[in-house]
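Data block below; observations after.
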Amino acid sequence: MEESEEGDDAVTDYRVRENMKRAAWVELWPHTGRTHQLRAHMAAIGTPIIGDQKYGGPDSKLPGISPKLHLHAAQIALRLPSGKAVTIAAPLPEHMAQTWALFGFEVPKSMRQE
């Protein structure tokens with residue numbers, strides 16, 4: 001995805017992991033670091049992130065689903081100035097874990113609360 005009508009170019013790759021009628025689990029990989037890039041890109045293609053009132057408005061709400069933003073950095077990999085590669089993983093927040101359970105999505109081990 002790319003969008004540059006009003007601001008700097010921004011590039012995001014994505015992959016749909018699970019698809020349902022009104023929702024999907026989408027993995028996003030930003031190649032640039034623009035403010036609200038992922039939220040803006042998803043809304044621009046007509047699929048706002050659940051709970052994203054700023055970019056998705058009423059289309060970001062689903063009945064019976066938490067109105068909190070469903071955007072999560074599950075993992076980040078970076079290289080330190082020393083050259084050492086570091087990968088950090090984070091579990092899903094509770095509101096997203098509840099939504100995934102409702103949808104029947106299998107939570108990867110690295111994103112489970114332990």
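The values are calculated or read from the model by the stated rules, or taken from the named source; none is laboratory data. As the structure is a prediction and not an experimental result, all values here were calculated from the model. No Cβ is skipped: glycine too gets one built from the backbone with ideal geometry, and neighbour counts run over all protein chains shown.
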Residue under question is A40, and the condition is that it be part of a strand (DSSP E or B) and over 19 Å from T99 (Cβ atoms); does it hold? no
Of the listed residues (G83, G51, G33), the one being out of contact with any Phe, Trp or Tyr (no Cβ under 9 Å at 6 or more places or on another chain), within 22 Å of D9 (Cβ to Cβ) and part of a loop (DSSP other than H, G, I, E, B) is G33
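Matching residues to (1) charged (D, E, K, R); (2) under 13 Å from the mean Cα position of the chain (by Cα); (3) on the phi > 0 side of the Ramachandran plot; (4) surrounded by 10 or more Cβ atoms within 10 Å (Cβ to Cβ):
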{"residue": "G33", "(1), (2), (3), (4)": "no, no, no, no"}
{"residue": "A43", "(1), (2), (3), (4)": "no, yes, no, yes"}
{"residue": "G51", "(1), (2), (3), (4)": "no, yes, yes, yes"}
{"residue": "K61", "(1), (2), (3), (4)": "yes, no, no, yes"}
{"residue": "I65", "(1), (2), (3), (4)": "no, no, no, yes"}
{"residue": "L71", "(1), (2), (3), (4)": "no, yes, no, yes"}
{"residue": "Q75", "(1), (2), (3), (4)": "no, yes, no, yes"}
{"residue": "S82", "(1), (2), (3), (4)": "no, no, no, no"}
Residue pairs within 8 Å by beta carbon, gap of at least six or interchain, first lying in the stretch 27-45 and among the small types (G, A, S), second modelled with pLDDT of 95 or more and not in a helix (DSSP H, G or I), listed first then second, are A43/I49; A43/D52
Handout entry: Filter pass, T35 being more than 19 Å from M96 (Cβ to Cβ) and at pLDDT below 95
Key = yes
Taking the stretch 18-31 and keeping residues among the charged types (D, E, K, R) and loosely packed, with under 12 Cβ neighbours inside 10 Å leaves K21, R22, E27
Going through the stretch 68-105 in order, the residues found to be touching a helix residue (DSSP H, G or I) at 6+ places or on another chain (Cβ under 8 Å), over 20 Å from G33 (Cα atoms) and free of Cβ contacts under 8 Å to residues at least 24 places away in the same chain are P91, L92
Note on the stretch 1-30: residues outside any strand (DSSP E or B) and either under 19 Å from M96 (Cα atoms) or modelled with pLDDT under 90 (or both) are M1, E3, S4, E5, E6, G7, D8, D9, M20, K21, R22, A23
